[in-house]
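Structure record follows, encoded as structure tokens.
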Amino acid sequence: MPVASQLRSSTNQSPTREFDAIVIGSGIGGLVAATQLAAKGAKVLVLERYLIPGGSAGYFERQGYRFDVGASMIFGFGTDGTTNLLTKALEAVNVSLETMPDFVQIHYHLPEGLELKVHRDYEKFLQELIAQFPQEGQGIRQFYDECWKVFNCLNVMELLSLEEVRYLRRVFFQHPLACLGLVKYLPQNAGDIARKYIRDPQLLKFIDMECYCWSVVPAERTPMINAGMVFSDRHYGGINYPKGGVGQIAQKLVEGLEKAGGQIRYQARVTEILIENGKAVGVQLADGNVYQAKRIISNATRWDTFEKLLPPEQMPASEKKWQQRYQKSPSFLSLHLGVEASVLPVGTECHHILLEDWENMEDAEGTIFVSIPTLLDPDLAPRGYHIVHTFTPSWMEDWQGLSVREYEQKKEDTTGRIIERLENIFPGLDAGLDYMEVGTPRTHRRFLGREDGTYGPIPRRKLRGLLGMPFNRTAIPGLYCVGDSTFPGQGLNAVAFSGFACAHRVAVDLGL
Ligand SMILES: Cc1cc2nc3c(=O)[nH]c(=O)nc-3n(C[C@H](O)[C@H](O)[C@H](O)COP(=O)(O)OP(=O)(O)OC[C@H]3O[C@@H](n4cnc5c(N)ncnc54)[C@H](O)[C@@H]3O)c2cc1C
């Protein structure tokens, strides 16, 4: 009998219905919240609808390949400062992971022949960029140096709940200048800062791409706080890949959770958050089981939480307002490829971004993202082969209402176009294919449990930096959200931040 069903049936026989906190979902945000609470002594239950933990940071295995579902450019594994939140989250529950440094964050292949690598070494990166735009040398340095100011403010303080007044007071007294710095940048977007220093339209497009490739919006809609983190930490803690694949992060967090006394159940799909006298008190599962807890934490997206797990007609006004400000980003079309090693020339970097026309940057099938994790951990593929995970934005509506034949045909056509474009940077890719699996927005929705398979929330229009992003408490007493639809947004290190903040707030509310 699989472990998951053993757990489920033992629950049926002797249900433990009283927990301090129930976490719906075992994405990295949910697991960091759960492990933090368990480490503080709370009785925690994580309920995960799928077979394994991790959500968008999960994995799957086929014919000797271990593919990352999504994330593979990992921030937060540094050793110093306070922003290395994945390292800190694992340490808190006495587990650790071996990681491999990636010395080039991205190799860009951009319009008008703009070829550029973002080196871990800050000066080397600046020199390479300045060599492309010599007339903008000073502006380039001023822009990226200003990003460091944001990062340096963040990287001295313990990152916890901004909804907790005593913490805010303490941090302010410990680091008054850093706090004032952050308050200044909180309502700002990276594009405004870039335009203060840079004039060249092509360089500004490059800054747009620097933002778009993780925020999925151009610089003018990308909060400066997030840009400061990403554009500096890649040179500070660096990008590091976990040995054994990204799925190891969640596996290790679960190991730590259980060591700390927490529990996790798989194939446990929550269908309803139970409300009593206006307060969240428990959850109901698809199999009919009911669990109760003093606090409920949802790691599902806000759309899933407030439209599916709660009656949409009773959506709190604050959530309606949030939906007016933020919309679902597109999902992705993902190609998980196994290729002969001879396809990749010596010196190929792990992460690539390909775009041929700036006009198409934000379009479906515009920007192509590539990740080759086997360059860092060869054990993820059979000997003599590499994994090429490539993905491009794709909207759910383009994949709906199709017959099975039409759906398969569309997959084949789209895959053909992507591979043809990739041939420009990896000649011989098509001929060297050994394995291919294609995921559409429908696949992302089905396996990740995310409405429309969305990558996460993006501002509908230019907003005041990160000011509009909600923290962990919700309008419903006892109900909290964690993960990428809470402050500070998408990315593993960002959702880890949200996990620390959520656990901190819940622990204070529980009196722990
Ligand atoms: C293709 C792709 C590439 C990416 N690349 C990167 C990258 O290189 N670097 C990076 O840092 N980030 C990257 N990201 C983003 C990053 O993966 C996500 O921002 C992050 O993993 C989201 O974490 P989360 O905690 O919000 O939740 P999720 O990962 O969405 O996990 C939520 C979990 O909750 C479960 N769940 C949902 N509803 C229920 C329910 N009703 N009952 C029980 N369980 C439920 C789901 O099954 C899932 O396991 C990428 C994402 C994608 C899709």
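Per the listing GLU362, GLU406, the residue uniquely modelled with pLDDT of 95 or more, in the same structural domain as GLY432 (by TED's automatic domain parsing) and within 27 Å of PRO459 (Cβ to Cβ) is GLU362.
Identify, from the list THR374, THR348, the residue that is over 18 Å from the mean Cα position of the chain (by Cα), in contact (Cβ under 8 Å) with a residue 12 or more places away in the chain and away from the ligand (no atom under 16 Å from the Cβ). Steps first, answer last, please.
Details: THR374 fails: away from the ligand (no atom under 16 Å from the Cβ).
Only one candidate qualifies: THR348.
Here ARG269 meets each of (1) out of contact with any strand residue (DSSP E or B) (no Cβ under 9 Å at 6 or more places or on another chain); (2) closer than 27 Å to PRO477 by Cβ; (3) within 14 Å of the ligand (Cβ to nearest atom) with one exception, condition (1). Within region 216-242, the residues that satisfy the criterion of being of a type in the set (Phe, Trp, Tyr) and assigned to a helix (DSSP H, G or I) are PHE231, TYR236. Of all residues in region 239-262, which are of a type in the set (Gly, Ala, Ser) and more than 12 Å from SER96 (Cα to Cα)? Hits for region 239-262 are GLY244, GLY245, GLY247, ALA260, GLY261, GLY262.
The values are calculated or read from the model by the stated rules, or taken from the named source; none is laboratory data. Keep in mind it's a predicted model, so treat the numbers as computed, not measured. Reconstructed Cβ throughout: ideal geometry from the backbone, glycine too, with neighbour counts over all protein chains shown.
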